[in-house]
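K.L.:
Below are the structure tokens for one structure; questions will follow.
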Amino acid sequence: MNYALYIKITVLFLLSALLSPLNLSPMLAQTAVNGHVVNEQGVGIEYVSIGIEEDSVGVISDAQGYFSLTVPKGRRDKLSFSHVSYQTATIPYQTYANGEELTVTLQDKVVELAEVVVGKKNKPHTLSGKSWVSTGTVGFAGAHKGEDIEWGPIFQNSKDCLLTDIMVAIAMCKYEECVLSFNCYEIIGKRLVSVLNKPVYKRVTPSDNGKQLYVSPAETVVLKGKRKYCVTVSVVDTKGDGGLYFPANFKSSYARHNVKGKMKKLPACPMIVVQGCEVKD
């Protein structure tokens, strides 16, 4: 077998294991749950992860915050609503069991931002380190309306640095279009703790094939020296069938399912390069 093909198959197999159902309840006499996720001002929240924790039941709200979810027969679990910018909320079975449309309000989760000064001599440089890029690819396939997998490299720097840009290389987009979500986490024990108040979104189409795309956080984010971080990318919305593929980046990485909370450490990930500037003392 071609080595690059082996890498692609192996990584996709590991992701499939992460996504594998933990419950095989029969899909008969299901409970249909429809609703709208909004913030405290009543504005819809885009791409909220909705589902039963530690289970295969899950969906993502659309760009206006609307969602539709089917809960299998016999399940009486709470529904969890999570988004990096908001406090996680749960809805008991009794609230959604009657099939009435729900309005779920999420409260803001504010991440404290640092005041920083970047010296004139502190030129931008790569924070995420060097890695071997193979001739193989890794990526996401399918509709991605009900799964929210984020995936990206682990890195660490010796000094405090201001996060300025995140670059992702696109090998091939087979969707008509899709929306990528980027986030940055500090790794604390076995948890990923967000350092952003809001994810960064980027729309991708086949016209981006072979390109390097750059996104920048709208907020000031300082990555502390000697701490471990993980920058992730996920496909949160798609138009048409297909997939999105990246050059394989051979770095230690985490793949995480937002609803299930499951994480796997992997030896490869999409090609993502994090750039920044050292913060002036």
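The values are calculated or read from the model by the stated rules, or taken from the named source; none is laboratory data. For clarity, every value in this text was computed on a predicted model and none was experimentally measured. With ideal geometry, Cβ positions are generated from the backbone for all residues, glycine too; neighbour counts draw on all protein chains shown. Heavy atoms of the whole protein, side chains included, go into the accessibility calculation; ligands, DNA and RNA do not. Shrake-Rupley method; radii C 1.70, N 1.55, O 1.52, S 1.80 Å.
Per-residue answers, yes or no, for (1) touching a Lys or Arg at 6+ places or on another chain (Cβ under 6 Å); (2) without any contact (Cβ under 8 Å) to a residue 60 or more places away in the chain; (3) of a type in the set (Gly, Ala, Ser); (4) surrounded by fewer than 17 Cβ atoms within 10 Å (Cβ to Cβ):
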site: Phe155; (1), (2), (3), (4): no, no, no, no
site: Ser158; (1), (2), (3), (4): no, no, yes, yes
site: Leu163; (1), (2), (3), (4): no, no, no, no
site: Met167; (1), (2), (3), (4): no, no, no, yes
site: Lys174; (1), (2), (3), (4): no, no, no, yes
site: Phe182; (1), (2), (3), (4): no, yes, no, no
site: Val193; (1), (2), (3), (4): no, yes, no, yes
site: Leu196; (1), (2), (3), (4): no, no, no, no
site: Pro199; (1), (2), (3), (4): no, no, no, no
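K.L.:
Let me ask you something else. Would it be correct to say that Leu106 is of a type in the set (A, V, I, L, M, F, W, C) and in contact with a helix residue (DSSP H, G or I) (Cβ under 7 Å, 6 or more places away or on another chain)?
P.N.:
Against the criterion (of a type in the set (A, V, I, L, M, F, W, C) and in contact with a helix residue (DSSP H, G or I) (Cβ under 7 Å, 6 or more places away or on another chain)), Leu106 does not qualify.
K.L.:
Out of region 248-271, which residues are open to solvent by 30 Å² or more (accessible area, probe 1.4 Å) and in a strand (DSSP E or B)?
P.N.:
Selection gives Phe250, Tyr254, Arg256, Met263, Lys264, Lys265.
K.L.:
When region 152-195 is examined, which residues are found to be part of a strand (DSSP E or B) and among the aromatic types (Phe, Trp, Tyr)?
P.N.:
Phe155, Phe182, Tyr185
K.L.:
Would you check if Glu150 is crowded, with 22+ Cβ neighbours inside 10 Å and either modelled with pLDDT of 95 or more or under 24 Å from Gly65 (Cβ atoms) (or both)?
P.N.:
It is true that Glu150 is crowded, with 22+ Cβ neighbours inside 10 Å and either modelled with pLDDT of 95 or more or under 24 Å from Gly65 (Cβ atoms) (or both).
K.L.:
Is it the case that region 202-211 has a residue that's without any contact (Cβ under 8 Å) to a residue 40 or more places away in the chain, of a type in the set (Val, Ile, Thr) and open to solvent by less than 40 Å² (accessible area, probe 1.4 Å)?
P.N.:
Checked region 202-211: at least one residue is without any contact (Cβ under 8 Å) to a residue 40 or more places away in the chain, of a type in the set (Val, Ile, Thr) and open to solvent by less than 40 Å² (accessible area, probe 1.4 Å).
K.L.:
Can I ask one more? How many residues are within 19 Å of the chain's Cα centre (by Cα), at pLDDT 95 or above and either more than 24 Å from Pro124 (Cα to Cα) or part of a loop (DSSP other than H, G, I, E, B) (or both) when one looks only at region 196-243?
P.N.:
Count: 3.
K.L.:
In addition: Based on what the data block shows, is Gly74 loosely packed, with under 14 Cβ neighbours inside 10 Å, modelled with pLDDT under 90 and either of a type in the set (Val, Ile, Thr) or on the phi > 0 side of the Ramachandran plot (or both)?
P.N.:
Criteria met by Gly74.
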